[in-house]
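Below: one structure, written as structure tokens.
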Amino acid sequence: MNKQRYWLYQRNGVYYLHDSQTGARESLKTRNKREAEHVRSTRNAVCERPAIGASLAKAYLTSQDPKLLARTWQEVMDEFCSRGKPETQAYRRAVAAREPQSRLRKLKLLETTAEDLISAPTYHVCRSFCRGA
């Protein structure tokens, strides 16, 4: 059996996690032992089988927002462009219509990688959105 990576301890009634590999300590911000043990066991399980990490994350996220798995960047752009003054909305719609945005438009939020976001043309378009805010 592998050594557990995460260990649980309590200080002043609050539970903390200790990472035995890095030495990092993190407050779980709970006084509930059952919740703390659940977090620890989930973290240890993900360390043993990394492939289940993404599946667990999706399960937890969709419990809060069932539409999250299907949401695309187009929906985010539409919502973002609908906010602000009319001039700001028009500017944002113009930026959203630019070609580099087509790289993101059909991607699902949860399937987007860092490389998708930091590609040079997309990076400049994202900065353009911010300037129009």
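Looking across region 21-42, just one residue is modelled with pLDDT under 95 and among the small types (Gly, Ala, Ser), and that is Ser41. Need the failing condition index for Leu8 against (1) under 28 Å from Ile118 (Cβ atoms); (2) in contact with a Lys or Arg (Cβ under 7 Å, 6 or more places away or on another chain), just the number. (1) is the only condition that Leu8 fails. Close Cβ contacts (under 8 Å, 6 or more residues apart or on different chains) running from residues in region 107-120 that are not assigned by TED's automatic domain parsing to the domain that holds Ala57 to residues that are of a type in the set (Lys, Arg) and assigned to a helix (DSSP H, G or I) comprise Leu110/Lys58; Asp116/Arg103; Ser119/Arg103. Identify the residue in region 30-46 that is without any contact (Cβ under 8 Å) to a residue 12 or more places away in the chain and among the small types (Gly, Ala, Ser) and, among all such residues, is farthest from Ala57 (Cα to Cα). By that ranking, first place goes to Ser41.
Listed by first and then second residue, the pairs linking a residue in region 1-29 that is under 19 Å from Glu48 (Cβ atoms) to a residue that is surrounded by 14 or more Cβ atoms within 10 Å (Cβ to Cβ) and of a type in the set (Gly, Ala, Ser), with Cβ atoms under 7 Å apart and 6 or more places separating them unless they lie on different chains, are Leu8/Ala36.
Only one residue in Lys67, Lys3, Lys29 is loosely packed, with under 11 Cβ neighbours inside 10 Å and touching a Ser or Thr at 6+ places or on another chain (Cβ under 9 Å), so which one is that? Being loosely packed, with under 11 Cβ neighbours inside 10 Å and touching a Ser or Thr at 6+ places or on another chain (Cβ under 9 Å) holds for just one of Lys67, Lys3, Lys29, which is Lys3. Does region 94-111 hold any residues that are surrounded by 15 or more Cβ atoms within 10 Å (Cβ to Cβ) and touching a Pro at 6+ places or on another chain (Cβ under 8 Å), and which are they? Scanning region 94-111 gives Pro100, Arg103.
The values are calculated or read from the model by the stated rules, or taken from the named source; none is laboratory data. Computed from a prediction, not measured in an experiment: that's the story for all the values here. All Cβ positions, even for glycine, are placed from backbone atoms using ideal geometry, and neighbour counts span all protein chains on display.
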